[in-house]
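Comments concern the structure below.
Just so you know, all these numbers are worked out from the coordinates, no wet-lab data involved. Just so it is clear, the model here is predicted, and its values are computed rather than measured. Please note: Cβ atoms are built from the backbone with ideal geometry, for glycine as well, and neighbour counts cover all protein chains shown.
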Amino acid sequence: MVIDDNEEILSTLTIILKKKSYNVSVESKLDDWEATIKEINPDLILLDKNLGWMDGCELCRRLKANNSLCRIPVIMFSAYNKKREECLLSGAVDFLEKPFQMQNLLQTIDAHLGES
């Protein structure tokens, strides 16, 4: 699952991940984030730090505090590398700085899917 308010990033990631045979669900705005994520039941979430409707770190903290969702690994990303520590402290298993190299993104996803 990819959560980002940038449609271009969602489109690009969808194309790349589907080429690698991943099932991809994208969300640009989650009115009921808990119900949506429970329904999709993703193996992993790629989450932007700066969402227009909520801080990505706050969403990550809420996910990790939810007993039925806390097992889902969250990889956060931001254009600001200085946000790395904040993202990891919120419960993310990894952080990528935008723009990220697609090979690095895929390796990071594979590494965390192998752990889950």
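Does Lys83 count as in a helix (DSSP H, G or I), surrounded by 15 or more Cβ atoms within 10 Å (Cβ to Cβ) and over 13 Å from the mean Cα position of the chain (by Cα)? It is true that Lys83 is in a helix (DSSP H, G or I), surrounded by 15 or more Cβ atoms within 10 Å (Cβ to Cβ) and over 13 Å from the mean Cα position of the chain (by Cα). Can you find a residue in the range 39-53 that is over 18 Å from Thr108 (Cα atoms), not hydrophobic (A, V, I, L, M, F, W, C) and not in a loop (DSSP other than H, G, I, E, B)? Yes, the range 39-53 contains at least one residue that is over 18 Å from Thr108 (Cα atoms), not hydrophobic (A, V, I, L, M, F, W, C) and not in a loop (DSSP other than H, G, I, E, B). If Glu34 satisfies all but one of (1) surrounded by 17 or more Cβ atoms within 10 Å (Cβ to Cβ); (2) outside any loop (DSSP other than H, G, I, E, B); (3) in contact with a helix residue (DSSP H, G or I) (Cβ under 9 Å, 6 or more places away or on another chain), what's the number of the condition it fails? Answer for Glu34: the failing condition is (1).
For the range 37-46, the count of residues that are β-branched (Val, Ile, Thr), more than 16 Å from Asp94 (Cα to Cα) and either over 14 Å from the mean Cα position of the chain (by Cα) or surrounded by 18 or more Cβ atoms within 10 Å (Cβ to Cβ) (or both) is at least one.
Kindly check whether there is at least one residue in the range 92-106 that is in contact with a helix residue (DSSP H, G or I) (Cβ under 7 Å, 6 or more places away or on another chain) and small (Gly, Ala, Ser). Checking the range 92-106: at least one residue is in contact with a helix residue (DSSP H, G or I) (Cβ under 7 Å, 6 or more places away or on another chain) and small (Gly, Ala, Ser).
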